[in-house]
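Quick notes on the structure that follows.
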Amino acid sequence: MTCFDGWLPLAQRYDSPNFDARPDPADITLLVVHNISLPQGCFGGPHVSDLFSGRIDYNADPSFADLRGLKVSSHFFIRRDGRLIQYVSANDRAWHAGRSCFQGREKCNDFSIGVELEGSDLVPFEVAQYVALAGLTVALRRHYPLTDVQGHQHIAPGRKTDPGACFDWVFYQNLLNKKATEQPALVAAIAGLRVVKGLPQSQ
Ligand SMILES: [Zn+2]
């Protein structure tokens, strides 16, 4: 469908082995929003990227014992300061949604792109994360026929709760609804946020 290789140049690339081919590479219509932090509620550490890349040290925290054997990934991860990391080409199938259903279609990984926000169900997300997510959405729409955005909680009700009540869908939607002339600024915002990439991360 496109010569785009599925890797956004604006994102910091961190390859994950946890992916495979989509059953229909042209069928990429859904964006799924998640939250994650490891340990839960702790931001800034390396463990999310380590989990997605299969390098996590299970002994780093007692709660990580539950993660043993888990092979998961996401296409994107948005840090608290808006920095964007990419683990899997959006052309490929990342393993983020698990058992799921959207509009009668199961296996949402087949036809979705997964974005993890660094956070938890209990903590409001940062404005920089909304800006990055909106910019990412705009950028992805240039390459894929995305028609819907859902939370993980919506496609796996009763099983998943993220991104949770702290995620402000209206604020996100308002950013997306900005006039087309303003959208390049959102995409550029991601580029600008990359400048802080080299700063030390706070735990
Ligand atoms: Zn999730």
Checklist entry - What are the residue pairs meeting all of these: first residue in segment 136-153, first residue under 15 Å from P9 (Cα atoms), second residue open to solvent by less than 50 Å² (accessible area, probe 1.4 Å) and in a strand (DSSP E or B), Cβ atoms under 8 Å, and 6 or more apart or on different chains? => result L136/F76; L136/I78; L136/L84; L136/V115; T137/L31; T137/V149; L140/L31; L140/I113
Checklist entry - Quick one: is G119 under 26 Å from G6 (Cβ atoms) and touching a residue at least 24 places away in the same chain (Cβ under 8 Å)? => result yes
Checklist outcome for this item: Just one listed residue, out of S63, S112, S37, S49, is surrounded by fewer than 16 Cβ atoms within 10 Å (Cβ to Cβ) and of a type in the set (S, T, Y), and it is S63
Item to check | strands (runs of 3 or more DSSP E) within segment 73-163 that include 1 or more residues away from the ligand (no atom under 14 Å from the Cβ) | outcome: 84-86, 148-151
Item to check | Lone qualifier among I28, I56 - being away from the ligand (no atom under 16 Å from the Cβ), open to solvent by less than 30 Å² (accessible area, probe 1.4 Å) and either in a helix (DSSP H, G or I) or in contact with a strand residue (DSSP E or B) (Cβ under 8 Å, 6 or more places away or on another chain) (or both) | outcome: I28
Next on the checklist: out of contact with any helix residue (DSSP H, G or I) (no Cβ under 9 Å at 6 or more places or on another chain) and open to solvent by 20 Å² or more (accessible area, probe 1.4 Å): is that true of W169 in this structure?
Outcome noted: yes
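Taking the criterion of being open to solvent by 30 Å² or more (accessible area, probe 1.4 Å) and within 17 Å of T161 (Cβ to Cβ), would at least one residue in segment 72-87 satisfy it?
yes
The values are calculated or read from the model by the stated rules, or taken from the named source; none is laboratory data. If you're wondering where the values come from, they're calculated on a predicted model, not measured in any experiment. Counting neighbours? That spans all protein chains shown, and the Cβs are built from the backbone with ideal geometry, glycine included. Calculation scope for accessible area: heavy atoms of the full protein, side chains included, ligands and nucleic acids excluded. Shrake-Rupley method; radii C 1.70, N 1.55, O 1.52, S 1.80 Å.
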